[in-house]
Amino acid sequence: QVQLVESGGGLVQPGGSLRLSCAASGIIFSIYVMGWYRQAPGKQRELVATITGTGYTKYADSVKGRFTISADNAKNTVYLQMNSLKPEDTAVYYCNRNQEGVGYWGQGTQVTVSS
């Protein structure tokens, strides 16, 4: 079993920045994919960014150049640095970890971009 705890969400003005963190605990394997997904009201959950244990990253087109995903394997923690935030980035952001073919989800953290 793996537990994921997210933090760092909040209210920010357009153009501002936030950094989300996701700490994993439990049975941790070095081969993994971790990522951030988001779900806005009335919309489906969508991929934001992912990172593998070897550091390979992937981003949704809508966040390329603004968001950066990174990982600290020693802390089993993944970060999402979000810059130049837009109102359309408002959503609940969920952390996901996939290892050994099993996916785990965090509880979600709210990000609201509004003036």
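The residue that is most open to solvent (accessible area, probe 1.4 Å), among those in the range 18-33 that are over 14 Å from TRP105 (Cα atoms) and at pLDDT 95 or above, is ARG19. Scanning the range 39-63 for residues that are within 13 Å of TYR94 (Cα to Cα) and free of Cβ contacts under 8 Å to residues at least 12 places away in the same chain turns up just one, GLN44. Residue count for the range 34-52 under the criterion of being open to solvent by 60 Å² or more (accessible area, probe 1.4 Å) and either under 19 Å from VAL102 (Cβ atoms) or aliphatic (A, V, I, L, M) (or both): the result is 1.
Only residues that are of a type in the set (Gly, Ala, Ser) and surrounded by fewer than 18 Cβ atoms within 10 Å (Cβ to Cβ) were counted in the range 76-100, giving 1.
Being open to solvent by 20 Å² or more (accessible area, probe 1.4 Å) and either farther than 20 Å from PRO14 by Cα or of a type in the set (A, V, I, L, M) (or both) is a property that holds for ALA71. Filter the range 64-96 down to residues that are in a loop (DSSP other than H, G, I, E, B) and touching a residue at least 24 places away in the same chain (Cβ under 8 Å) and give me whichever is nearest to SER25 (Cα to Cα). Ranking the candidates gives ASN76 first. All conditions but one from (1) modelled with pLDDT under 95; (2) within 14 Å of the chain's Cα centre (by Cα) apply to GLY53; the one that does not is (2).
Quick grid of which residues meet (1) under 21 Å from GLN1 (Cα atoms); (2) basic (Lys, Arg):
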site	(1), (2)
MET34	yes, no
GLU46	no, no
GLY55	no, no
ALA60	no, no
ASP72	yes, no
LYS75	yes, yes
SER84	no, no
GLU88	no, no
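Just one of the listed residues (GLY103, GLY15, GLY55) is in contact with a Lys or Arg (Cβ under 9 Å, 6 or more places away or on another chain), open to solvent by less than 60 Å² (accessible area, probe 1.4 Å) and either of a type in the set (Val, Ile, Thr) or not in a strand (DSSP E or B) (or both), and it is GLY15. Listed conditions (1) over 17 Å from MET82 (Cα atoms); (2) open to solvent by 20 Å² or more (accessible area, probe 1.4 Å) are all met by VAL2, apart from (2).
The values are calculated or read from the model by the stated rules, or taken from the named source; none is laboratory data. Quick caveat, the model's predicted, so the values are computed rather than measured. Don't worry about glycine lacking a Cβ; one is built from the backbone with ideal geometry, like all the others, and counts go over all protein chains shown. These area figures cover heavy atoms from the full protein model, side chains too; ligands, DNA and RNA do not enter into them. Shrake-Rupley method; radii C 1.70, N 1.55, O 1.52, S 1.80 Å.
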